[in-house]
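The values are calculated or read from the model by the stated rules, or taken from the named source; none is laboratory data. Keep in mind that this is a model prediction, so the values were computed, not measured. Cβ sites come from the backbone with ideal geometry, for glycine too, and all protein chains shown count toward neighbours.
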Amino acid sequence: MHKKEMPSGALALLILRVLRAGPMHGYAIAQRIHLLSSEVLRVEEGSLYPMLQKMLLKGWASSEWGISETNRKVRFYRISPAGRKQLAAGWSDYGRVHEAIQAVFRGA
Amino acid sequence: MNTIFRRIFYLLNRRRFEQELFDDMEFHREMAAQAGNRNFGNTLRLREEARDAWGWTWVDRFGQDLRYSIRMLRQSPGFTAMAVLILALGIGVNVAGFGFFNLMILRPLPIRHPETLLRFQRQSPGNFSDNFSNATVAFYREHSTMLSAVLELNFANLTIEGEAKPLHANFVTANFLSELGAVAAPGRILDPVRDDTPDAEPVVVLSHGYWERQFAADPSVIGRMIRLNGKPVTVVGVASPEFSGLGLESPDVWAPIARQPYFFNYNQALTDFSERGLNVQMWGRLRPGATPRAAEEELASLTSELRRQHPEDIWKDERLPSRPGGYAVGIRHEMYPVFGLVATLGLLILTAACGSLGGLLLARGVAREREIHIRAALGAGRGRLIRQLLTEALVLASVGMFAGVLLGYLVLRGLILWTGLPAWLDPSPDWRVIAFAVSLGLGTAVLFGLMPSLQIARQRHRASILRQFLIGGQVAASCGLLIVAGLLVRALNHAAHANPGFEYQKVISVDPALVGYTPAGARAYFDTLESRLARLSGVESVALVSNPPLGNRWTVMAAEIAGRSIGIHINHVNPAFFDTMRIPFLRGRNLLRGNKGEIAISESLARLQWPGENPVGKQFRLGTEACTVVGVTGSARLVSPEDSDAVEVYRLPDPDLLPSMVALIRTSGPPEGLVHTIESAARVIDPKLFPEVRLMKEAYRGKLQDAEYMAVGVIVLGCVALFLACAGILGLVAYAVAQGTREIGIRMALGARPSDIMAVVFARFLVPILTGSLVGIGGAGALSQILRRVLYGIGNIDPVSYVAAVGVLGGAAALAMLLPARQALRIDPLHSIRHE
């Protein structure tokens, strides 16, 4: 699954889910997704930052200053109530689609 | 909604956000590098992609394009100046035209609540009139519930002591000024209560212009007693200069209509319901919530009630249709063709401008070929190239638009000064004019920018179809305009020299305006006048007429004869009229006093109605009345000499008409010397009157003035169109030469003579120019159909105008082709072949 393109809807869900654990900077988000997916999913800079910008625009997340592990001042992203709502809606959508696909596979 | 706010917030703090994003990604990179993940992506590109999420990238690109366009345009000032000039002309002409239309028709007068003001008219099947009797309007005022105010207006001339010239008075209801929001500066305006009774103290309010002219803006004139028609009145105030009244003609003074009889010594006029009563124009102010329709319905029922009381004065089935009253000129159906004509002329100019500019841009495209190639080679996509070129067109259009609005404003201001329109007309562009100009500018930018842009960006501009269309369009537009201009000039020339069917050089008209006279009184007045004038040496004959030749009054009956709609001008005259105006009888005899139901018709009508027959003795219906034709006169278009479709019917006047008749006096020698003698003779009979004495010569000159304005206007348009067409052709020929450098070089190397080269260059343009001319001729033929009625008898297919216009156009086009084509001859064959 190395370098697999991820549908942008799924990426948004993953980022939101990861952010639910607490505010995090961009690199940490990528790392976290990588880790949690047992190093299968890899989020590239080229898709992570456009998605983060989009989430700021939609109001699903906000940004604030924080200090990184390496003692640098960086931006941390924090999930907003609208983001939580989006996560719930997106997750249940995803679940439905997933089940539907499974049903097709089972039936065929 | 919040998304939009966040987006705008981002735009406002773009620098900071971008820096933050940059830091984020830089940090990400460092961390990744530490973890051993090397990333070779293009940082700049990644950052741009991330920024894209906010949707503001186009702002940056647009800014880039804009800066680049401005730089490019500044690099070639000659091209830019020419393009802006062309655009300014194309847009300016249209802005001026629209501005005038806006001023006259769209923009309400500067009065209070113009939108609730209605102007009323009397109408019944077969009759219409703008004039009401004062008594009728008083009845409406008393009983109407839909109208919160009813306004009346009556024009009259008064004499002021020590002045030879008459004073133009507007007699109005006392609520007129306050209802329209006039303010006094200084003094007071008319008081709706105090000044509205027949026994009120007689007062006048001066117009600002008159106050300045007559009293040198002296504030002490307020409260002073002046004598008008010999009667003392008090000046109570001066209306402020911005006050427009309800039309384009500004009066010298306003006075309450209730006291009008005081100045003229007639007593019944205010209470008389018949036409002999005081004739007024009527406006009404709608009550809040009322609709014009409801007001009309109410007035219709009031009118039928009034007809029960005064059956002889109110027409059968009379209704009072309304139209918006708060505008300088009420829109009427007859105006539509004129609007259409003016709009078409403007559109033609715009077409010519667009075509011309398209040509210039194409020519420039060749010069920029290398630049575009380089940009494409560096990776600019086609969309990006087109966007860049369109931006350039947009920049040009914006500058052109600005210049056009300025030009339009100047033209309009000049026009107002030149034609003596009132000063309160404000020619500065309002939102309508700006919106009009902006939409024109954007439209032209797309039209002239898009097509050449597409061609250039596709690098396929060698296709010559577009060029052919550009040239054809311009030639057609300017050809049409030149023909119309030629027709108008011919008509003017013809009118100034041709015989209009009557002799006007030695005629003087006397309009005594016998307001309030009974028919018997009027008869006595005219008899006295006639006998006194007859005694003067130099007076040859005296006649009476209801619609004086070249005057502003007419009675027209629309009739359909042989499939053509004809305006029959009905004129009431006494038998002496024909001799006085030198209108010959071709058949039959003159009208005889006392024989009602007899008419004389003009030869033009006879020819239409009974072609090839003798009309004498035949019956002719005038409305409901059957009349007998007793004579056929020479065709004389007395009231509208410009309308070749007008025909005449003459009949004897009813006694009721006598008070509104005008006397015509033929002199044996030059008439100028007799004007004063006649004026005083007319004054002596009734010193209260102010008879208007005019030389018919001057009336004729005044009539020509309108045609002159029109001709000058269209000539200017024609010249503008010609200039545009030449500029366009010049550009396109230069383009063709530049493009064909190699071909020409080869031809020359093979031994072609200069004339051969010229022939090759010209041949490409011959077809579009010829086609364009043909289309232009056809268009002008159709367009001038509308003009028929103002051409003073010149046919709208007048060959002289057509040949002249095509000749001028052809010559100018040849010249415009010759100049750049000569460049072709200077081409060095070797150099040109090597060059490409």
**Report entry** Meets criteria (of a type outside the set (Asp, Glu), crowded, with 18+ Cβ neighbours inside 10 Å, in contact with a Leu (Cβ under 8 Å, 6 or more places away or on another chain) and modelled with pLDDT of 90 or more) for residue B:204
**Finding:** yes
Query raised in the report: When segment B:723-757 is examined, which residues are found to be of a type in the set (Gly, Ala, Ser) and not in a helix (DSSP H, G or I)?
Result: B:740, B:751, B:752
Query - Residue list for segment B:252-311, restricted to those being in a loop (DSSP other than H, G, I, E, B), more than 23 Å from residue B:235 (Cα to Cα) and of a type in the set (Phe, Trp, Tyr) - result: B:273
Report task. Just give me the residues in segment B:182-225 being part of a helix (DSSP H, G or I), touching a helix residue (DSSP H, G or I) at 6+ places or on another chain (Cβ under 8 Å) and farther than 24 Å from residue B:261 by Cβ, in sequence order. Result -> B:211, B:215, B:221
Report task. Consider residue B:61 carefully, then state whether it is basic (Lys, Arg), more than 30 Å from residue B:727 (Cα to Cα) and within 12 Å of another protein chain (Cβ to nearest Cβ). Result -> no
Query - Selection from segment B:601-644 of residues that are charged (D, E, K, R) and touching a strand residue (DSSP E or B) at 6+ places or on another chain (Cβ under 6 Å) - result: B:603, B:618
Query - Candidate set from segment B:755-778 (those that are touching a Lys or Arg at 6+ places or on another chain (Cβ under 9 Å) and touching a residue at least 24 places away in the same chain (Cβ under 8 Å)); member that is surrounded by the most Cβ atoms within 10 Å (Cβ to Cβ) - result: B:765
Requested in this report: Within segment B:416-437, track down each residue that is touching a helix residue (DSSP H, G or I) at 6+ places or on another chain (Cβ under 7 Å), assigned to a helix (DSSP H, G or I) and buried (at least 16 other Cβ atoms within 10 Å of the Cβ).
Outcome: B:433, B:436, B:437
Query raised in the report: When residues of segment B:612-630 are filtered for being in a loop (DSSP other than H, G, I, E, B) and touching a Lys or Arg at 6+ places or on another chain (Cβ under 8 Å), how many remain?
Result: 3
Query - Members of segment B:796-830 that are free of Cβ contacts under 8 Å to residues at least 40 places away in the same chain, part of a loop (DSSP other than H, G, I, E, B) and within 28 Å of the chain's Cα centre (by Cα) - result: B:797
Report summary line: How many residues of segment A:79-92 are farther than 12 Å from residue A:18 by Cβ and not in a helix (DSSP H, G or I)? The answer is 1
Requested in this report: Only residues that are modelled with pLDDT under 80 and outside any helix (DSSP H, G or I): list them for segment B:374-397, please.
Outcome: B:379, B:380, B:381
Report task. Sort out which residues of segment B:475-510 are surrounded by fewer than 21 Cβ atoms within 10 Å (Cβ to Cβ), assigned to a helix (DSSP H, G or I) and more than 24 Å from the chain's Cα centre (by Cα), and write them in order of number. Result -> B:497
Report task. For residue B:29, work out the one condition from (1) more than 7 Å from chain A (Cβ to nearest Cβ); (2) under 14 Å from residue A:30 (Cβ atoms); (3) surrounded by 13 or more Cβ atoms within 10 Å (Cβ to Cβ); (4) without any contact (Cβ under 8 Å) to a residue 12 or more places away in the chain it doesn't fulfil. Result -> (4)
Requested in this report: Out of the residues in segment A:52-72 that are more than 8 Å from every other protein chain (Cβ to nearest Cβ) and closer than 16 Å to residue B:18 by Cα, state the one that is surrounded by the most Cβ atoms within 10 Å (Cβ to Cβ).
Outcome: A:55
Query raised in the report: Of all residues in segment A:7-29 being within 14 Å of chain B (Cβ to nearest Cβ) and β-branched (Val, Ile, Thr), which is surrounded by the fewest Cβ atoms within 10 Å (Cβ to Cβ)?
Result: A:29
Query raised in the report: Are any residues in segment A:73-92 surrounded by 15 or more Cβ atoms within 10 Å (Cβ to Cβ), more than 9 Å from chain B (Cβ to nearest Cβ) and over 19 Å from residue B:53 (Cα atoms), and if so, which ones?
Result: A:87, A:90
Query raised in the report: Checking residue B:114 against (1) buried (at least 17 other Cβ atoms within 10 Å of the Cβ); (2) within 29 Å of the chain's Cα centre (by Cα); (3) at pLDDT below 85, which single condition isn't satisfied?
Result: (3)
Query raised in the report: So, in segment B:180-200, of the ones that are crowded, with 22+ Cβ neighbours inside 10 Å and under 30 Å from the mean Cα position of the chain (by Cα), which residue ends up nearest to residue B:138 (Cα to Cα)?
Result: B:180
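For segment B:194-209, what are the residues that are within 16 Å of residue B:171 (Cα to Cα), of a type outside the set (A, V, I, L, M) and in contact with a strand residue (DSSP E or B) (Cβ under 7 Å, 6 or more places away or on another chain)?
Within segment B:194-209, B:195, B:196, B:201, B:202, B:207 meet the criteria.
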Query raised in the report: Do we find a residue being out of contact with any helix residue (DSSP H, G or I) (no Cβ under 7 Å at 6 or more places or on another chain) and among the basic types (Lys, Arg) anywhere in segment B:256-264?
Result: yes
Query - Residue check for residue B:564: at pLDDT 75 or above and of a type in the set (Lys, Arg) - result: no
Query raised in the report: Do you know which of the residues in segment B:201-227 that are closer than 23 Å to residue B:180 by Cβ and touching a residue at least 60 places away in the same chain (Cβ under 8 Å) is farthest from the chain's Cα centre (by Cα)?
Result: B:202
Query raised in the report: Filtering segment B:226-251 down to residues that are assigned to a loop (DSSP other than H, G, I, E, B) and of a type in the set (A, V, I, L, M), which residue is surrounded by the fewest Cβ atoms within 10 Å (Cβ to Cβ)?
Result: B:248
**Report entry** Filtered residue count, segment B:32-58, keeping only those that are more than 14 Å from chain A (Cβ to nearest Cβ) and within 20 Å of residue A:48 (Cβ to Cβ)
**Finding:** 0
Report summary line: Exception for residue A:43 within (1) within 12 Å of chain B (Cβ to nearest Cβ); (2) closer than 18 Å to residue B:4 by Cα; (3) touching a residue at least 24 places away in the same chain (Cβ under 8 Å) falls at (2)
